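Participant: The structure under discussion is supplied below as C-alpha cells; questions concerning it will follow.
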Amino acid sequence: NASIKFDKILFKKDISASKAHANMLGNQKIITEKEKLRIVNALSEIEIEIKSNKMKFKNELEDIHTHIEKRLIEKVGSLGKKLHTARSRNDQVATDVKLWLRDEILTINNLLRQLQSTLIEKAEKNLHTIMPGFTHLQVAQPITLAHHLMAYVNMFGRDRENSKKILDIHNYSPLGSAALAGTTFNINREETASKLGFKAPMRNSIDGVSDRDFILDALNSCCLIFLHLSRLSEEIILWSSAGYEFINLPDTFSTGSSIMPQKRNPDAAELIRGKSGRIVGNYVSMFTVMKALPLAYSKDMQEDKEPLFDSIETTKDALKVMSNMIRDISFNSDKMIEMCEKGHILSTDVADWLVDELKIPFREAHNVTGKIVALAEKKNLQIHNLNANDFKKIDKRINTKLLNS
Ligand code: ARG
C-alpha cells in the first residue's frame with residue numbers, strides 16, 4: 001500500500017495545498033481564525049522539518065499526505081484533525097501531483113528553449129556549410145548544415161507549444177472534490193483554486209478525483225520529446241562513425257573501449273536513444289492502468305507516480321546532456337562536402353534547370369536527367385564531372401549554360 005518511498009517528493013505541494021485549504025476553512029468560518037493560523041504556522045514548520053531531513057518516513061503511514069497530517073496532529077493536538085474537514089486524500093493527491101507537474105513542465109519548457117538556442121548558435125555558424133541531405137538515408141540533395149539543424153529547432157518548438165497547451169487545458173483545481181461527491185460544508189473552491197494558481201476549480205467532482213489525463217498528456221509529451229531526441233541521437237551516432245566522420249564528439253560525451261584502444265563510442269547519444277524505450281514504456285504503462293478504470297478513485301491510480309516521476313527526471317537529464325553535447329560537437333565541413341561528391345547529388349538541380357531553361361515538363365526533365373546519371377555511372381563519374389559533349393549526346397537542347405549554372 002505504501003507510496004511514501006516515491007511520493008515524498010510531493011511534500012512542498014502537499015503543504016501549499018493544505019495551507020490553501022486551511023485558509024479557506026477559516027475564511028468560510030468552518031474553523032476559527034485562531035485555529036486557521038495555528039494550522040498554517042504548524043504546516044510551515046513541518047515544511048522546514050522535511051526540507052532539513054528531520055521527518056522519519058514510515059511505510060505504516062502509507063503516503064506523504066498521511067505523514068504530514070500525522071505530524072500536524074502531533075504538533076497542534078486534535079486541532080490538527082480538523083484540517084481534513086471537507087477534504088479527502090483523493091482530491092489532495094490529484095491537486096498535489098498537478099501542482100508538482102506544472103512546475104516540472106515549466107522547467108522542461110526552459111530546457112527545450114536552451115537546447116533550441118544551442119542548436120540555433122550552431123546553425124548560425126554554419127549558414128554556408130554544405131552537406132548532403134538524405135532521404136532513405138541515401139544522398140539526396142545538397143543542403144546547408146544550418147537547414148538541417150533548424151529542423152530540430154522546429155521539432156523542439158512544437159514540444160514547447162505542446163507543453164503550453166498541456167498547462168492550459170489542465171490548469172483546473174481538483175481540490176474540494178473531496179472523496180468524489182463534493183462536500184456538505186460551505187467551502188469556497190474558487191478561493192483555493194486561485195490561491196494555488198489554477199484558472200478555476202474543476203467543474204465535476206467525480207472527474208476531479210478520477211482524472212489523470214494531465215499525467216497521460218505529460219507522459220505523452222515526454223514521448224514526443226524523446227522521439228525528437230532519439231532521432232538527433234541517431235544522427236550523432238551515424239555522423240561520428242567512420243562511414244561519415246561529419247562530427248568530432250567531445251571526450252566528455254564519448255567513451256573508450258576496454259579492448260579496442262582506438263574507439264570513441266558515442267555513449268551519451270546511445271543512452272538517450274536507449275532511454276526513449278522506457279519513456280514510451282512509462283506512457284503505455286499508465287495508459288493501461290487508466291483504461292477501463294471505473295469512476296471515481298481506485299488505488300490503481302497510485303501507479304501513476306513512478307512512471308511520471310521517472311519520465312520527467314529522465315527528460316530533464318536528457319535535454320541537459322543533449323544541449324551540452326551539441327554545444328561541444330565540432331563539424332567537419334570537408335567530410336560533408338566529400339560526401340556530396342557521391343550519389344549524383346545535383347540531379348534534381350539538373351532536372352529543375354531543364355524545366356526552367358528549356359521549358360520542358362518536369363516528368364520529361366526527370367527522364368532526361370535519368371539518362372545523364374546512367375551515362376555518368378557508365379563513365380564512373382559524377383554528373384557534375386560530365387562535359388558539354390556528354391550532355392549534348394543525351395539531349396542536344398542542353399547548352400553550356402548548364403555547366404556554368
Ligand atoms: N497514495 C494515494 C495515491 O497516490 C493517495 C490517495 C489515497 N486515497 C485512498 N482513497 N486510498 O493515489
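Participant: Restricting the range 243-271 to residues that are surrounded by 11 or more Cβ atoms within 10 Å (Cβ to Cβ) and in contact with a Gly (Cβ under 9 Å, 6 or more places away or on another chain), which is modelled with the lowest pLDDT?
Facilitator: The extreme case among them is K263.
Participant: List the number of the failed condition for I48; all other conditions in (1) closer than 17 Å to K19 by Cβ; (2) hydrophobic (A, V, I, L, M, F, W, C); (3) surrounded by 13 or more Cβ atoms within 10 Å (Cβ to Cβ) hold.
Facilitator: Status for I48: all satisfied but (3).
Participant: Restricting to the range 51-72, and then to whatever is aliphatic (A, V, I, L, M) and in a helix (DSSP H, G or I), can you tell me which residue is surrounded by the fewest Cβ atoms within 10 Å (Cβ to Cβ)?
Facilitator: Applying the first criterion (aliphatic (A, V, I, L, M)) to the range 51-72 yields 55, 61, 64, 68, 72.
When the remaining residues are screened for being in a helix (DSSP H, G or I), the result is 61, 64, 68, 72.
Numbers: L61: 17, I64: 26, I68: 27, L72: 25.
Result: L61.
Participant: Still on this model: From (1) within 27 Å of M150 (Cα to Cα); (2) of a type outside the set (S, T, N, Q); (3) free of Cβ contacts under 8 Å to residues at least 24 places away in the same chain, pick out the condition that doesn't hold for V321.
Facilitator: Every condition holds for V321 apart from (3).
Participant: Would you be able to tell me the number of residues in the range 71-105 that are over 29 Å from the mean Cα position of the chain (by Cα), away from the ligand (no atom under 14 Å from the Cβ) and among the basic types (K, R)?
Facilitator: As a first pass, look at the range 71-105 and keep what is over 29 Å from the mean Cα position of the chain (by Cα): 71-89.
With the extra rule that they be away from the ligand (no atom under 14 Å from the Cβ), the set shrinks to 71-83, 85-86.
Filter once more, keeping what is among the basic types (K, R): 71, 75, 81-82.
Adding up the residues that qualify gives 4.
Participant: Take the residues in the range 10-37 that are out of contact with any helix residue (DSSP H, G or I) (no Cβ under 7 Å at 6 or more places or on another chain) and assigned to a helix (DSSP H, G or I); name whichever of them is surrounded by the fewest Cβ atoms within 10 Å (Cβ to Cβ).
Facilitator: Among them, the one singled out is K34.
Participant: Restricting to the range 375-405, give me the number of residues that are free of Cβ contacts under 8 Å to residues at least 12 places away in the same chain, more than 21 Å from G343 (Cβ to Cβ) and assigned to a helix (DSSP H, G or I).
Facilitator: Number of matching residues: 3.
Condition check ((1) in contact with a Leu (Cβ under 6 Å, 6 or more places away or on another chain); (2) more than 16 Å from the ligand (Cβ to nearest atom)) across all residues:
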{"position": "A268", "(1), (2)": "no, yes"}
{"position": "I272", "(1), (2)": "yes, yes"}
{"position": "K275", "(1), (2)": "no, yes"}
{"position": "R278", "(1), (2)": "no, yes"}
{"position": "G281", "(1), (2)": "no, yes"}
{"position": "M286", "(1), (2)": "yes, no"}
{"position": "K291", "(1), (2)": "no, yes"}
{"position": "P294", "(1), (2)": "no, no"}
{"position": "S298", "(1), (2)": "no, no"}
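Participant: Take the range 270-298 and flag every residue that is charged (D, E, K, R) and touching a residue at least 12 places away in the same chain (Cβ under 8 Å). Talk me through it step by step, then tell me what you get.
Facilitator: As a first pass, look at the range 270-298 and keep what is charged (D, E, K, R): 270, 273, 275, 278, 291.
Result: E270, R273, K275, R278.
Residue-by-condition table, conditions (1) among the acidic types (D, E); (2) surrounded by 18 or more Cβ atoms within 10 Å (Cβ to Cβ):
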residue	(1), (2)
D103	yes, no
N110	no, no
T118	no, yes
N126	no, yes
T129	no, yes
A146	no, yes
A151	no, no
K165	no, no
A178	no, yes
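Participant: Here's another thing I want to ask about it. Please indicate, with yes or no, whether at least one residue in the range 383-400 is modelled with pLDDT of 90 or more, closer than 20 Å to W239 by Cα and either surrounded by 15 or more Cβ atoms within 10 Å (Cβ to Cβ) or of a type in the set (A, V, I, L, M) (or both).
Facilitator: no
The values are calculated or read from the model by the stated rules, or taken from the named source; none is laboratory data. Owing to the predicted nature of the structure, the values given are computational and were not obtained by experimental measurement. Note that each Cβ is placed from the backbone with ideal geometry, even for glycine, and that neighbours are counted across all protein chains shown.
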